[in-house]
Amino acid sequence: MFLALREMRHAKARYSLIMVIMLLVSFLVLFVTGLARGLSYANISALENMPAGYFLIQDDAGHAFRRSQLGTEEFAAAKQAAGADNAASLGVQTSTITLDAAEAKTDITFFAVDMEGLLAPKVSEGSSFGNEDHGSAVADAKLKESGVALGSTIRDQASGMAWTVTGFVNDSSYSHVPVVYINNADWQAMKQSAQAGNGSPSSEAPFNVIALKTSSEQAAGLASGLDSVEAITKKQAIASVPGYSAEQSSLQMMIAFLFVISAVVLAVFFYVITIQKTSQFGILKAMGTRTSYLAWSVLCQVLLLSVISVAVSLLLTFGMNMGLPDAMPFQLETPTMVWTGLLFIGVSLLGALISIVRVAKVDALTAIGRAGA
Amino acid sequence: MSTMLEMKQVTKTYGDGDTTLAVLRKLDLSVRSGEFVAVLGPSGSGKSTFLSAAGALLTPTSGEIRIDGESLHGKSAQELTELRLRRIGFMFQSAQLLPYLKVEEQLLYVAKQAKLGGREAKERAAVLLQRLGLWERRGHYPEQLSGGEKQRVAIARAWMNKPAILLADEPTASLDLARGREVVQMIAGEVRSEGKAAVMVTHDERMLEWCDRVLHLEDGVLVGR
């Protein structure tokens with residue numbers, strides 16, 4: 001530490017510059033990470049917030065909820081295996097609604113659920129409604145921006161059915177559009193009206209998937225007992241939401257590149273400095289300084305620079321998070337921040353390794369017979 | 001009077017097979033405490049090889065070297081590093097101070113390497129700096145010092161850990177005559193006040209006034225004239 005600190009004290013400008021670069025890169029890493037998390041959350045928060053870990057889905061649906069159709073038979077089997085409280089049917093229908101009060105149309109996704117079951121929405125404002133109440137709905141709070149208020153009437157453009165909004169839930173999006181929760185009775189009515197057109201009114205309209213709150217073995221066992229049904233994890237379900245993977249993978253690639261860039265920038269910087277100091281290291285070794293001490297000195301500098309950079313960029317990220325408008329999807333939980341910061345520091349230390357190899361290779365013999373400084 | 005540096009039949013050859021070049025050929029040297037020996041030789045005569053071997057930086061092809069009675073033979077690289085730290089003081093051409101350490105810190109650094117306590121190290125540094133007329137300059141960086149002052153700091157640094165012997169590699173090479181003579185005089189003074197020994201390698205014959213013995217490196221052996 002003796003050498004490391006004094007060298008940094010003496011060459012303040014040099015080390016400040018590299019710190020600024022690292023600060024900017026680590027800030028960008030945190031920012032893009034937050035953006036990726038935020039976008040992800042804005043996309044599929046309705047799925048993420050579900051208390052279910054597994055979903056039963058038709059095996060030819062490619063994990064996509066809307067392509068799957070399951071009926072009462074499967075639901076009965078699921079309820080029997082997992083317990084009535086740990087299985088719930090879910091109907092998913094994207095649609096466009098018109099607001100009676102305003103001349104505006106909005107895209108939404110209907111989630112048809114058992115209002116007393118596993119997937120019942122947790123109302124944050126207003127009140128929920130029962131399974132028998134026709135024409136009631138609970139909407140995602142984001143719909144407020146479109147003019148929906150408690151007591152507003154929303155009308156489904158396809159079926160012409162209308163619902164009165166009795167309550168709002170927070171953070172409930174599916175495929176970037178707000179979710180409107182309706183009960184199964186209205187789901188049946190909506191589906192029957194759609195099917196009435198093609199003249200084959202079936203007794204019971206199917207729903208899409210069954211949510212399960214069970215162990216993975218239980219879910220897999222249940223799926224194998226049913227014909228052409230598979231069990232997928234919540235993670236798989238989220239990855240199959242249209243657009244989700246494409247959106248996330250491009251952001252993830254940016255983050256990965258930023259990590260690589262920061263490692264390379266730091267590595268090159270320290271490598272150049274180390275090469276400049278080759279004769280100094282030779283002198284120090286001749287005078288009896290151990291290589292391990294010199295290596296530790298380099299490592300200390302990298303550690304100090306990266307820790308300070310990460311700390312400052314965390315503060316910046318915090319500050320910016322406060323100032324960001326709500327419309328900007330940005331979300332960074334403490335564990336994500338801590339892991340990102342630690343990874344950044346780890347990658348920086350990795351970049352310091354080539355300098356350390358270089359330091360180790362310097363021969364003390366070069367100190368003798370050297371004219372220049 | 002004890003022997004601080006002893007070199008017996010030291011040979012160093014470079015290359016292999018047909019093209020062996022013997023730089024040192026059965027070289028003998030014995031330096032006792034209180035002695036200041038100058039080794040002269042034109043460039044290419046093997047002065048650097050001689051000093052590297054004496055300074056435990058280079059393992060000779062054959063022969064034995066003892067520093068303060070301790071044989072270098074069979075020591076690991078780490079043991080040699082430790083020995084250089086505690087038993088040998090080095091002076092290099094153009095001082096080679098660390099640019100980012102203040103004068104006093106240059107001395108405290110080597111003391112710290114030898115695990116010398118803070119208070120003790122500070123006292124030792126103060127004694128050396130005062131004796132070499134550098135006390136007023138203790139808070140300066142090397143870039144603020146003149147060439148002669150730098151070399152004086154190097155003298156102080158070399159004596160800091162109370163080594164058995166000081167090895168100086170052309171300490172006057174980057175100085176003018178007056179400054180060079182001053183530095184050599186100070187090395188001689190320190191040899192006396194520390195009661196240790198010094199070997200200076202140089203090609204400059206004007207610097208020999210204060211040396212107890214002058215040897216010439218010729219054909220890989222040291223000869224007195």
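The values are calculated or read from the model by the stated rules, or taken from the named source; none is laboratory data. Quantities reported herein were computed from a predicted structural model and do not represent experimental measurements. Virtual Cβ from ideal backbone geometry, glycine too; neighbours counted across all protein chains shown.
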Segment A:75-95, residues that are under 16 Å from A:Val113 (Cα atoms), touching a Ser or Thr at 6+ places or on another chain (Cβ under 9 Å) and in a helix (DSSP H, G or I)
A:Phe75, A:Ala78, A:Asn86
Please determine whether any residue of segment B:8-28 is aliphatic (A, V, I, L, M), closer than 22 Å to B:Val191 by Cα and surrounded by 20 or more Cβ atoms within 10 Å (Cβ to Cβ).
no
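Here is a yes/no grid of residues against (1) of a type in the set (Asp, Glu); (2) free of Cβ contacts under 8 Å to residues at least 40 places away in the same chain; (3) assigned to a helix (DSSP H, G or I):
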{"position": "B:Leu83", "(1), (2), (3)": "no, yes, yes"}
{"position": "B:Gly89", "(1), (2), (3)": "no, no, no"}
{"position": "B:Gln106", "(1), (2), (3)": "no, no, yes"}
{"position": "B:Glu136", "(1), (2), (3)": "yes, yes, yes"}
{"position": "B:His140", "(1), (2), (3)": "no, yes, no"}
Can you tell me which residues in segment A:107-135 are polar (S, T, N, Q) and either out of contact with any Phe, Trp or Tyr (no Cβ under 6 Å at 6 or more places or on another chain) or exposed (fewer than 14 other Cβ atoms within 10 Å of the Cβ) (or both)?
A:Ser124, A:Ser127, A:Ser128, A:Asn131
Picked from segment A:189-228 (must be more than 18 Å from A:Gln80 (Cα to Cα) and of a type in the set (Ser, Thr, Tyr)), the residue modelled with the highest pLDDT is A:Ser228
Quick check, is A:Phe168 of a type in the set (Phe, Trp, Tyr), closer than 23 Å to A:His63 by Cβ and surrounded by 17 or more Cβ atoms within 10 Å (Cβ to Cβ)?
no
Return yes when B:Ser48 is free of Cβ contacts under 8 Å to residues at least 60 places away in the same chain and within 14 Å of chain A (Cβ to nearest Cβ) and no when it is not.
no
Restricting attention to segment A:312-345, which residues are surrounded by 14 or more Cβ atoms within 10 Å (Cβ to Cβ), assigned to a helix (DSSP H, G or I) and of a type outside the set (Val, Ile, Thr)?
A:Ser313, A:Leu314, A:Leu316, A:Met320, A:Asn321, A:Met337, A:Gly341, A:Leu343, A:Phe344
Taking segment B:10-53, which residues are of a type in the set (Val, Ile, Thr) and in a loop (DSSP other than H, G, I, E, B)?
B:Thr19, B:Thr20
For A:Met253, which of the numbered conditions (1) surrounded by fewer than 15 Cβ atoms within 10 Å (Cβ to Cβ); (2) without any contact (Cβ under 8 Å) to a residue 40 or more places away in the chain; (3) of a type outside the set (Phe, Trp, Tyr); (4) closer than 22 Å to A:Ala364 by Cβ fails to hold?
(4)
Checklist (1) touching a Gly at 6+ places or on another chain (Cβ under 6 Å); (2) in a helix (DSSP H, G or I); (3) within 13 Å of another protein chain (Cβ to nearest Cβ) applied to B:Thr172, failing item
(2)
Take the residues of segment B:54-81 that are more than 21 Å from B:Ser2 (Cα to Cα) and in a helix (DSSP H, G or I): which is nearest to the other protein chains (Cβ to nearest Cβ)?
B:Thr81
Any hit, segment A:272-281, residues being of a type outside the set (A, V, I, L, M) and away from every other protein chain (no Cβ under 14 Å):
yes
Go through segment A:278-311 and count every residue that is farther than 15 Å from A:Ser348 by Cβ, part of a helix (DSSP H, G or I) and polar (S, T, N, Q).
6
Failed criterion for B:Phe36 (all others in (1) without any contact (Cβ under 8 Å) to a residue 60 or more places away in the chain; (2) in contact with a Cys (Cβ under 8 Å, 6 or more places away or on another chain) hold):
(1)
Residue check, A:Ala220 against (1) under 21 Å from A:Glu74 (Cβ atoms); (2) surrounded by fewer than 16 Cβ atoms within 10 Å (Cβ to Cβ); (3) in contact (Cβ under 8 Å) with a residue 60 or more places away in the chain, all met but one. Which one?
(3)
Would you check if there is a residue in segment A:8-20 being more than 14 Å from chain B (Cβ to nearest Cβ), crowded, with 16+ Cβ neighbours inside 10 Å, in a helix (DSSP H, G or I) and more than 13 Å from the chain's Cα centre (by Cα)?
yes
If I filter segment B:145-160 for residues that are surrounded by fewer than 15 Cβ atoms within 10 Å (Cβ to Cβ), modelled with pLDDT of 90 or more and farther than 22 Å from B:Glu82 by Cβ, do I get at least one hit?
yes
In segment A:39-50, is there at least one residue being more than 14 Å from chain B (Cβ to nearest Cβ), among the hydrophobic types (A, V, I, L, M, F, W, C) and over 30 Å from A:Thr109 (Cβ atoms)?
no
Being polar (S, T, N, Q) and in contact with a Pro (Cβ under 9 Å, 6 or more places away or on another chain) is the filter here; which residues of segment A:69-88 pass it?
A:Gln69, A:Thr72
